Amino acid sequence: MEIYEMNLRQLIEAREKGEITPEEITDAFINRIGAVEDDVKGFVSKLEDSSGVEIKDIGELKGIPIAVKDNMATLDFPTSCSSKLLEGYVTPYEGTAVKKLKEAGAVIAGKTNMDEFAMGSSTENSGFMTSRNPWNLDHLPGGSSGGSAAVVAAGEVPAALGSDTGGSIRQPAAFTGLVGLKPTYGSVSRYGLVAFASSLDQIGPLTRNVKDAALMLNILAGRDQMDSTSADVEHPDYLEEIEQDISGFKFGVPEGYLELDIHPDVKARVEEAIEKIKENGGEVVEVELPPADQALAIYYIIAPAEASSNLARFDGVRYGQRLGDADIEEMYRQTRNEGFGSEVKRRIMLGTYALSAGYQDELYKKALKVRTLIRDQYKAVFEEVDFIITPTCPTPAFKKGEERDPLETYLTDIFTVPANITGSPAISLPAGFSEDGLPVGVQLIGSAFSEKRLLQAANSLENILDIDNPVQLK
Amino acid sequence: MSTNYEVIIGLEVHLQLNTKSKLFCGCSTKFGEEPNANTCPVCLGMPGTLPVINERAVEYALMACRATDCKINQYNKFDRKNYYYPDLPKGYQISQFDLPIGFDGAVTIETEDGYKDIGLTRIHLEEDAGKLIHAGSVADSDHSLVDFNRGGVPLIEIVSEPDLRTPAEAKAYLDALKQIMLYLGISDCNMEEGSLRCDANVSIRPEGQEEFGVKVEVKNMNSFKAVENALSYEVERQKKMLENGDVISQETRSWDDTSNKTVLMRGKEEADDYRYFPEPDLMPLEISDQWIKETDDNLPELPLAKKERFIEDYELPEYDAEVLTDDFKLANLFEETVGNYSNPKEVSNWLMGEFLKLLNEEGISPDESNITGNNLASLLKLIDDGTISSKIAKDVFEEMFNTGKEPEAIVEEKGLTQISDEDKLVEIINNILDENQDVVEEIQSGNERPVGFLVGQVMKETRGKANPQLANKLIREEVAKR
């Protein structure tokens, strides 16, 4: 087995046993990046060689390269959110999640391509380029954390950080045969994450398996003084006691969800997963949840509303691209008009509208009320079952160049958005493949701060599904 | 026939809280630093940064609220006020919209007709913006610079009800408000440094009319006197317009200190839409009953109460009480002195006279001099027991003021002890009488006036140390003996 094919725990074990050195790990992945990155197009900035890499003699990730989504503040690489407006911009500080990775000894391998400002589900909205799905280069890796998913699937790094506002970690994980974890809102500090929708954004890992996700969460989770919304809760060791029998868990299948407009292969894989849970002694019942499109509807009010405000700071005054020097109005107009792509502008307009006098009551405020109702309903369901099980995404990976209208694209977030609306932790893991050989994901959603049990259940499901998801492009 | 008009004034005061650090980051709030020295990624609105509330600022705002009898919104949250301006780094200001920390309060002012309560609509907490420095005037400068030192400094906005009826009342309200905030120690209240800013809304209506007249907003007043002048000008301007049959338009006007006029800044525009919504980066703030109670328990005695108590407890004239309580540091010095010396009126005289005179000359505040309650009391006792004369005491006081030395030490060092030894004085007096035989004869012939001259000679001879009353008595006795 090549070093680049190993997952996090295999790398750590081999290094601890002295079979490989931290330097060899770093070099192996840098070489791998050199070999496949031209095809994958996952990085917007990256380590070119190991000459400047300083391997600290600390931490369990010592020498292990980790990729970071381009919307998290790093000192070593620009943080451009894959937007022309921020091209080349280096933040004067480092975000908490990145700092924690470095403190654990990780080598930051580079910044990964994304839909501009995390708005999109394909990386086609990147201001720089479109990333490819290593399982089939004619397909997309999903998004917005598509670059992170692509580089892990191609073995360029064993794990990456993504951010998830409406499914942006889980959907690309599903598209590329990986595990994607969106922790509970407040589990991982958002300090350093360039905000898309502050009340929904959460940082999480993309890994090759569930145990690696648990290992990453051990490093990332925790209260941060710099983020008032980070929760002051005890985070247990998520790897400890992760091996549990599926029979100890009760799963809920939302009534009517599998009758929605879902690709038949996705439906089949999720139904098979449910069957396997039952066969292995797990309990599965039907539960009643609010109509799936309800959460989606309010998501597309709340997220753009917050985004319209969060993105106001990109005005050309202090950093990033500045265009137009006739007067201040002209500077704002040109900087933003030419700096932002069309999807970002669409969402800023939607959000501005939703917050405007005369519409705010009907749109934004009503959405907040519905959000509370949905939260209550999920809470009630978690009294009955441990987890909700759904497809991660209605389809396998999109094909590159396919025409999709924005509304159709928004509908693909239907299963992922509720976890952001409710703040719940959710995980996507491989459930098999479509007839075309593209990966399909299944999602488990848990109650707030139930990551310990969620990872146990996901690990046991991973064990019984036993999907082969090797590094691609070998 | 001329109509009588009623004047309606409401004030909006922005007050910088003098916390050590900013509202949402750890940067210093120190005034007068190099431009952009007091900044960090958070207050510069760098992408990915987040605000963290400075609890001390909330505490200060809570003090301001309770000292002005405001009710408290115990479920407290912050909101984003969205607008674009180069001095606003995030493109929104973190402020409070529908749930201000305090509401429904009052400030008591003194008018010619006695005390009057001015209602407070609300007090809310927010962050200050940066400051633009234009190359030349705003209109023709080819570039502007931004200084974010001020950006993120905590502010409270205090909005009064339209309860003020004259420009003088408006000034009295500002004086009272400033005095309260200085007593609380939560703001420097310095209009020149911008730690206190005031905008006014003013309208007039014919006496007896129910509905308000058209409101004009006046800005850019940089002293309390300017507020009073601007409002007086504006009231007259509006009266003239109505008398000429003109219609007053809702507009914003700017006070020009050089021409002593308000000038049009902008007309009524469409209402600004700030698209307020709850700040998602901050958790709601619960202000507990306990916190409010602790605030109440720890509030200092406020100016009016102190003044009333000084009149009552120390039997001071109202004027004295007013002067002494104007600055709580002066009031504190008074009480410290009275604690060691039992004649309050005498203490008041010294503080209002010599002490304030020296403070003014030095341009310093009461706590910056070397005078303490202890050393002032000692000085007054030295006068009472005849050790020094009142006249010498003034010199001693000045020395104390400048050096902080104890009065006894100064008297000792300079040999200022008053001569009350009769034998010694008699000897000196007789020498003087010998040299002024003609004056002695004049007195003997019944003209008492030259006695004063002889006292003066004695004082000169003793370099001011003789007890003047005693010298006077002894001169008469010695002259009579001759």
Mind counting the residues in the stretch B:113-153 that are β-branched (Val, Ile, Thr) and under 30 Å from B:LEU304 (Cα atoms)? 4
Does A:THR79 satisfy the condition of being touching a Lys or Arg at 6+ places or on another chain (Cβ under 8 Å), at pLDDT 95 or above, assigned to a loop (DSSP other than H, G, I, E, B) and among the β-branched types (Val, Ile, Thr)? yes
What is the number of the single condition among (1) in contact with a Phe, Trp or Tyr (Cβ under 7 Å, 6 or more places away or on another chain); (2) under 27 Å from A:ALA292 (Cβ atoms); (3) away from every other protein chain (no Cβ under 14 Å) that A:ALA214 does not meet? (2)
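Scan the stretch B:229-248 and tell me whether some residue there is under 25 Å from B:GLY151 (Cα atoms) and among the small types (Gly, Ala, Ser).
no
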Which residues, taken from the stretch A:308-351, are among the aromatic types (Phe, Trp, Tyr) and more than 10 Å from chain B (Cβ to nearest Cβ)? A:PHE340
Quick check on my filter: what residues within the stretch B:25-65 are among the polar types (S, T, N, Q) and within 13 Å of chain A (Cβ to nearest Cβ)? B:ASN36, B:THR39, B:THR49, B:ASN54
Report whether or not B:ILE156 is among the aliphatic types (A, V, I, L, M), under 21 Å from B:HIS124 (Cα atoms) and not in a helix (DSSP H, G or I). yes
Looking at B:ALA321, B:ALA393, which one is in a helix (DSSP H, G or I), more than 14 Å from every other protein chain (Cβ to nearest Cβ) and at pLDDT 95 or above? B:ALA321
When you go through (1) outside any helix (DSSP H, G or I); (2) under 23 Å from B:ASP384 (Cα atoms); (3) not β-branched (Val, Ile, Thr) one by one for B:GLY446, which number turns out not to apply? (2)
Restricting the stretch A:37-57 to residues that are crowded, with 18+ Cβ neighbours inside 10 Å and hydrophobic (A, V, I, L, M, F, W, C), which is farthest from A:CYS81 (Cα to Cα)? A:VAL53
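Results for (1) touching a His at 6+ places or on another chain (Cβ under 8 Å); (2) surrounded by 11 or more Cβ atoms within 10 Å (Cβ to Cβ); (3) within 20 Å of B:ASP69 (Cβ to Cβ); (4) not assigned by TED's automatic domain parsing to the domain that holds B:ARG80, shown as yes or no for each residue.
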{"position": "B:VAL247", "(1), (2), (3), (4)": "no, no, no, no"}
{"position": "B:PRO284", "(1), (2), (3), (4)": "no, yes, no, no"}
{"position": "B:ASP296", "(1), (2), (3), (4)": "no, yes, yes, yes"}
{"position": "B:GLU312", "(1), (2), (3), (4)": "no, no, no, yes"}
Consider B:GLY152 carefully, then state whether it is at pLDDT below 95 and not basic (Lys, Arg). no
Does A:ALA28 satisfy the condition of being small (Gly, Ala, Ser), out of contact with any His (no Cβ under 9 Å at 6 or more places or on another chain), farther than 23 Å from A:LYS111 by Cβ and surrounded by 15 or more Cβ atoms within 10 Å (Cβ to Cβ)? no
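Using the structure shown, decide if A:MET129 is in contact with a strand residue (DSSP E or B) (Cβ under 6 Å, 6 or more places away or on another chain) and more than 14 Å from chain B (Cβ to nearest Cβ).
Spelling it out, it is not the case that A:MET129 is in contact with a strand residue (DSSP E or B) (Cβ under 6 Å, 6 or more places away or on another chain) and more than 14 Å from chain B (Cβ to nearest Cβ).
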Those residues that are within 14 Å of chain A (Cβ to nearest Cβ) and touching a residue at least 24 places away in the same chain (Cβ under 8 Å), I need them from the stretch B:250-293; list them, please. B:ASP272, B:TYR274, B:ARG275, B:TYR276, B:PHE277, B:PRO278, B:GLU279, B:ASP281, B:LEU282, B:PRO284, B:LEU285, B:GLU286
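Rundown of residues vs (1) part of a loop (DSSP other than H, G, I, E, B); (2) within 14 Å of chain A (Cβ to nearest Cβ), yes/no style:
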site: B:ARG80; (1), (2): no, yes
site: B:PRO100; (1), (2): yes, no
site: B:GLY105; (1), (2): no, no
site: B:GLU110; (1), (2): no, no
site: B:GLU126; (1), (2): no, no
Within the stretch A:68-109, restricting attention to residues that are more than 21 Å from A:VAL344 (Cα to Cα) and among the charged types (D, E, K, R), which residue is farthest from the other protein chains (Cβ to nearest Cβ)? A:GLU103
Just to be sure I understand, how many residues within the stretch B:366-398 are in contact (Cβ under 8 Å) with a residue 24 or more places away in the chain and under 18 Å from B:SER342 (Cβ atoms)? 13
Does at least one position in the stretch B:36-50 carry a residue that is farther than 24 Å from B:LEU184 by Cα, touching a Lys or Arg at 6+ places or on another chain (Cβ under 6 Å) and free of Cβ contacts under 8 Å to residues at least 24 places away in the same chain? no
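The values are calculated or read from the model by the stated rules, or taken from the named source; none is laboratory data. Quick caveat: nothing in here was measured; it's all calculated off a predicted structure. Don't worry about glycine lacking a Cβ; one is built from the backbone with ideal geometry, like all the others, and counts go over all protein chains shown.
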